[in-house]
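All of the numbers you see were taken from the coordinates with simple rules; none came from a lab. None of these values were measured; they are calculated from a predicted model. As a convention, Cβ positions derive from the backbone with ideal geometry for all residues, glycine included, and neighbour counts pool all protein chains shown.
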């Protein structure tokens, strides 16, 4: 399996602290050593980094840890390969353009029986995750309109997620740079940090940060992750089937959508 | 305007030497200080770096200069903005997926009268370059088949390039990771390095490399650039309207396609 990390914030914020914790799990405190990737939105643009090395030992990961890249939405993934070789084309997050925006996707899980329908978007690599992403975008392109409200798009994402969850493990991060959609079948947790900010200690590395010195009073920054990254904060654990739509650091909508046993 | 750099090689090769020379022109020996980007194919995957800082002073560019990333096809661009703000979304190279492969594009020039037809691929940023890229892919998707021979695709690219060249300056780099298509209206030069390899000295930085120590006898590595990067090698200058299709370091086809004055 893999681990996921995302951020939603109301002001451009760097991911160095959380990224440092997560990447230790790629070959050091965890087994997810088959590559990693991260995408940072900057306005409508996206800055991506992908590597097939274990994130705990990757020089490129070290650059991302120590080079603060400020973003309102970021998505990160460390991989433990099951479907698909270890190669750059199979490294999340994946990205495509839809309606003049970049959409970014990362997934944890496996849907071994998934058979994608042919469509405009096609996977480049061999993972079921990328095929799922293409399937979601093909669905949105055919069933939705570029001017649809986010509530309409979200309802389609919830229904697709529910259908996929009936076929296996499907923990999802998806963004168009404005909002961030998250869905959990097995493991996901979030934390929202806002004033008064305090210190936090990473679980996977000997690092403490004092958010008070790195923020301004109006900042709202949420982190969503497979397993909590800090030992001294109170993380909000997702229920199985729970989805949350994040926007500027806050949950804008949420619900539970569990597929019925066949 | 901007400057372009590409590499085509028959074995994975790093771009550190040429990239070091080109990036000096982004705010040091040249005025192209409005961002830079580079894409390296690794198999069917692509590793990209984009930055809005001047390449001569960019920490990320320094990482790419000193962190050898080996690739058979790479495309790089340093920007001097004319159309479109200075922001990440306007930074070349641009990338889209077509027929299950990533296509990468960079452009030098300006086609101020260009009016793109609506199509599947849409620009995310505000440059005419990205709109041109989307127009080319929309054309290929509608007029060609995924199984068409490279000669068929090339003929479409030549005709589209010729049409664009009739509207302004259009120096082009385009790849699907297998071949590299290049077209010149004003400035482009190439060099093919193969055994016996010798030393070369950059024009823009005090750097000499001895390719003999960095290669094996069967290597063939070509570099295509807006203006020659070295002072002691014999660069092959493109004619106006000249196109060359590169594959594994060699020119597989070439010709001249100049649009007639209206």
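Per 0.36 nm of contour for each residue apart, how much would the distance between residue B:194 and residue B:258 grow if the chain were fully extended, relative to their Cα-Cα spacing?
On the way: separation 64, 0.36 × 64 = 23.04 nm, distance 3.11 nm.
Stretched out fully, the residue B:194 to residue B:258 stretch lengthens by 19.9 nm.
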Once you treat every alpha carbon in the protein assembly as shown as an equal point and sum by Debye, what is log10 I(q)/I(0) at q = 0.08, 0.10, 0.12, 0.13 Å⁻¹?
-> -0.51, -0.79, -1.12, -1.29
Hydrodynamic radius by Kirkwood for segment B:1-153, inverse mean 1/r across distinct Cα pairs, in Å, is 16.1 Å
Whole-number Å³ per residue for the convex hull built on Cα positions in segment A:15-73 = 69 Å³
Pick out which of A:101, A:201, A:143 has the largest mean-square fluctuation in a Gaussian network model of chain A, springs linking Cα atoms closer than 10 Å.
-> A:143
What's the angle, to the nearest 10 degrees (0 to 90), between helix B:150-165's Cα axis and the longest principal axis of chain B?
-> 80 degrees
If you bin the C-alpha pair distances of segment A:42-120 every 5 Å from 0, what whole percents do you get?
-> 3, 11, 20, 23, 20, 13, 7, 3, 0
Mind listing P(r) for chain B? All alpha-carbon pairs, 5 Å bins, whole percents.
-> 1, 6, 14, 19, 21, 18, 12, 6, 2, 1, 0
Could you work out the Rg to Rh ratio of segment B:140-199, with Rh taken as the Kirkwood radius (inverse of the mean 1/r over all Cα pairs)?
-> 1.08
Residue-averaged beta-carbon neighbours from other chains (10 angstrom radius) around A:31-38 | 0
Please work out the ratio of the alpha-carbon Rg of segment B:165-262 to 2.2 N^0.38 Å and round it to two decimals.
-> 1.20
Under the rule of -39500 (n - 2.57) per DSSP H run of 4 or more residues, summed and divided by the residues of chain B, what mean residue ellipticity at 222 nm is obtained, to the nearest 500 deg cm²/dmol?
-> -6000 deg cm²/dmol
Measure off 7 Å from each Cα along the Cα-to-Cβ vector at residue A:207 and residue B:163, then give the distance between these two points in nanometres to one decimal.
-> 5.1 nm
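Summarise the partner chain shielding of A:116-124 as one whole number: the mean count of Cβ atoms from other chains within 10 Å of each residue's Cβ. Intermediate results must be reported in sequence, preceding the final value.
Values: counts 0, 0, 0, 0, 5, 3, 6, 3, 10.
Across A:116-124, the average partner-chain Cβ count within 10 Å equals 3.
How well do other chains shield peptide B:39-52, expressed as the mean number of their Cβ atoms within 10 Å of each residue Cβ? Write down the numbers at each step before the final one.
Details: counts 0, 1, 2, 6, 8, 8, 10, 5, 9, 6, 4, 5, 2, 3.
Per residue, the number of nearby Cβ atoms from other chains is 5 on average.
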Residue A:186 versus residue B:216: modelled label distance in nm, points set 7 Å from Cα along the beta carbon direction = 4.1 nm
Using only Cα atoms, find the angle between the long axis of helix A:128-143 and the longest principal axis of chain A, and express it within 0 to 90 degrees, rounded to the nearest 10.
-> 60 degrees
